[in-house]
1. Heavy-atom accessible area of residue 109 with all protein chains present, probe 1.4 Å, nearest 10 Å²?
2. If the label point is 7 Å along Cα→Cβ of residue 8, which residues in segment 81-100 have backbone nitrogen under 20 Å from it?
3. Note down the nm distance, to one decimal, between modelled labels 7 Å out along Cα→Cβ at residue 369 and at residue 188.
4. Would you calculate the separation in nanometres between label points at residue 105 and residue 133, each defined as 7 Å from the Cα along the Cα-to-beta-carbon direction?
5. Where does the chain land at 222 nm, in deg cm²/dmol rounded to the nearest 500, when only DSSP H runs of n ≥ 4 count, each adding -39500 (n - 2.57), divided by all residues?
6. Sorted by mean Cβ packing within 10 Å, highest first, what order do the peptides 82-94, 263-275 take?
7. Mind running the shape call on segment 5-141? Use the C-alpha gyration tensor, a ≥ b ≥ c as the square roots of the eigenvalues: rounded below 1.5 for a/c, prolate if a/b tops b/c, oblate otherwise.
8. Which Cα, out of 394, 98, 245, lies furthest along the positive dipole direction of the chain (beta carbon charges, K/R +1, D/E -1)?
Amino acid sequence: MSRTFLGTPAFPEAARSALANTQLRRNLAHATSTIRAKRAAVVGEVAEWERLRRAGAALKDRTLRHLDTYLQQLEESLTRAGATVHWARDAAEANRIVVDVARRHGTDEVVKVKSMVTAEIGLNDALAAAGITAWETDLAELIVQLGDDLPSHILVPAIHRNRSEVREIFLREMGRYGRPAPADLSDVPAELAAAARAHLREKFLRSRVAVSGANFAVAETGTLAVVESEGNGRMCLTLPEVLISVVGIEKLVPTWADLEVFLQLLPRSSTGERMNPYTSLWTGVTPGDGPQEVHVVLLDNGRTQVLADEVGRQALRCIRCSACLNVCPVYERTGGHSYGSVYPGPIGAILTPMLRGVGADAQVDSLPYASSLCGACFEVCPVRIDIPEVLVHLRAEVVDSHRGRPSAQNAAMAAAAWALGDARRTSVAERVAGAVGKLLRRTRRRAPGGRATLGALPGPAARWADARDVPIPAPESFRAWWARTDGGRTEQQ
């Protein structure tokens, strides 16, 4: 039950395939429109919503400016509370730490709270390679896992599935990995949830080790926070003997009081609720209550690289609410799999290239172009990440990273630079262009409005010219006309 995004084609090709799936588009349109309506209703109740957004952005920016100080404070607070802190520079190091802790306790399975960061580092695969099964306990993640599928949304990983498809997955797969679904299971949501609850209960009660992420980490107290809607997180965070929390270093907030702002912004922006049904907070080890061994893995994995980018660092404000996905016209039509990353949608289009780096992978380099730049994502972002600004910035970086590499475009630009770099060469090029223009006019096509364009060119050149308003070269260049008419004097006479 493990698939990866490895081998996903560049966004244009992947999106083309997704657009042909009418059931996928129907599922996405229904789900995103429902979430958008819920969010709009609860946000509309807050008279000072814009002030809250600005406060959230300011708090995140202040934390990022002093991230080194707050990380040290967090480590001290966690250690004082009885937790063991580990530092991981990349995915491999983080996975190794988690696997080592699980092995030390002799377990062959762990239960997991839904976590984007563990998906980012491929933890489930690393555990499987070590002979340890990771059971996803979030309902949507369970659907994805049982269906040998890939997540397609930050908040609702199985948003691309409808309830009839979920029923089929439960009936077909649950019995292979534990308690089977009832034979008479219908597609009523309450019955599907009940089947998942019964299937997972035995895993909660049996597992000795749990793995979580964290929505927030409070530097002042060493407190970690997870917000969720189903109660599975509460079970993972309290029942097992050992808890391993993998936390991105950007998840920090300086003080306990700062949570007040984000616990208003996050639920409204994500699930369209005033407050999450379950808000779990834990601080190290409490004797006789909850896990008696707590490990916190603080993960970089490219985040300091993002922090060094003056334009792109605002992406580290992200609180993973997914509001930008739900309003994005591109995401709504193509779904999350087209992005080839655990971070889909507008935030994924900027976060993935910055974490992985541009210029090395065509699929990653295609992501900054997976947007219409309509700005809807910025309007709904609870921490005011200007995603269109970062997209344009990354497009420039992608172009810069490919400078000097062999390509038709680079060859054309090099030829133009050579021709335009010398007056005599420019004169020759103008005479050649004029001759070509005369030839093309014999077979030219006229665009709407009657303007002659390079659409008359044959083959691929015509397809390129049809999308651009490029006129056919004039029979005579301005320079030639100027010389022939003595600066226009002869023609005036």
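1. So the heavy atoms of residue 109 present about 20 Å² to solvent.
2. Within reach of a label on residue 8: 91-92.
3. A separation of 5.0 nm, rounded to one decimal place.
4. With each label placed 7 Å out from Cα toward Cβ, I get 1.8 nm.
5. On the way: 24 runs with 248 residues, N = 493.
After summing the helix terms and dividing by the residues of the chain, the value is -15000 deg cm²/dmol.
6. Details: 82-94: 17.5, 263-275: 20.6.
Packing order, densest peptide first, comes out as 263-275, 82-94.
7. Verdict is oblate for segment 5-141.
8. Working it through, the farthest residue towards the positive pole turns out to be 394.
The values are calculated or read from the model by the stated rules, or taken from the named source; none is laboratory data. Quick caveat, the model's predicted, so the values are computed rather than measured. All Cβ positions, glycine included, derive from the backbone under ideal geometry; neighbour counts span all protein chains shown. Note: accessible area is taken over every heavy atom of the protein model, side chains too, but ligands, DNA and RNA are not part of it. Shrake-Rupley method; radii C 1.70, N 1.55, O 1.52, S 1.80 Å.
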